[in-house]
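Following: one structure in structure tokens, then a few remarks.
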Amino acid sequence: ACAQVAAAAPGLLVKYTLAGPDVPRPDRMMALRVAVNCFAYEEGAAIVMQPGSVESLVEAVAESINHDQPAISKTAAVLAFNLAGSQKRHPKSVSSLSEESKVRFLFAAVERARDCVVPTSPEEAYPLLSAIAIAVDGDLDSCELVNTLDIDFSSYLDPTICTDDKTAHVAKH
């Protein structure tokens, strides 16, 4: 059943997150949550991270992470976290992101982290910053890209603004 759901996830994302702004909120949330849940099992992560499927995930993150509805942007941040960490958790079965997908992914995540009011909520800020940290870990090109995008972490480090210790810790590193 996991393989069937994971195989269907990219199509759901295309239909319910990439079809434009008129997609009803419940439909968009359902598609994003299905994608998030595919990462619960190594088999599901391996399927959705395959070339041809992973591009839909990256585009769903990029399209949904700046959504004006907090529940959608929070779910997209969790999807970003799962996507960024899946190859590190399952290096033998999960493919790395292509250079193009990694750039698109990092650009969307950094833009959201830079432009959102901190903290919008720990449920969004923590997975978002963690996704960025995981994606740049050990990858000099990605680290250079994030530095070029000039994100200022000071608001995440200010305890009067960001009251979540886990989020501040990730921002510090």
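The values are calculated or read from the model by the stated rules, or taken from the named source; none is laboratory data. Just so it is clear, the model here is predicted, and its values are computed rather than measured. Positions of Cβ are generated from backbone atoms using ideal geometry, with glycine treated the same way; all protein chains shown enter the neighbour counts. Ligands, DNA and RNA are excluded from the accessible area calculation, which covers all protein heavy atoms including side chains. Shrake-Rupley method; radii C 1.70, N 1.55, O 1.52, S 1.80 Å.
With a 1.4 Å probe and all protein chains kept in place, how do 156, 126 rank by accessible area, largest first? Walk me through the numbers before you get to the answer.
Values: 156 0, 126 70 Å².
Descending accessible area places them as 126, 156.
Surface calculation, 1.4 Å probe, protein heavy atoms: residue 55 sits at approximately 80 Å² accessible. Partner aspartates and glutamates whose Cα lies under 16 Å from the Cα of residue 102, excluding those fewer than 8 positions away in the same chain, are identified as 55, 59, 63, 111, 137, 139, 141, 144.
For the residues 173, 90, a 1.4 Å probe over the protein chains yields an accessible-area ranking, largest first, of 173, 90.
With the largest listed first and rounded to whole Å, the semi-axes of the equivalent ellipsoid of the chain from the Cα gyration tensor are 25, 19, 14. Only protein heavy atoms count here; on that basis, with a 1.4 Å probe, residue 107 has an accessible area of about 90 Å².
Restricting to DSSP H runs of at least four residues, report the calculated mean residue ellipticity at 222 nm for the chain, -39500 (n - 2.57) per run over all residues, nearest 500 deg cm²/dmol.
Details: 10 runs with 120 residues, N = 173.
For the chain, the value works out to -21500 deg cm²/dmol.
Ellipsoid fit via the Cα gyration tensor, the range 61-150: semi-axes of 21, 15, 11 Å, each the root of five times an eigenvalue, largest first.
If you average the C-alpha positions of the range 68-124 and of the range 131-173 separately, how far apart do those two centres end up, in angstrom? Comparing the Cα centres of the range 68-124 and the range 131-173, I get a distance of 13 Å.
Using only side-chain charges placed at the Cβ, +1 for Lys and Arg and -1 for Asp and Glu, the dipole size of the range 33-117 relative to its Cα centre rounds to 320 debye.
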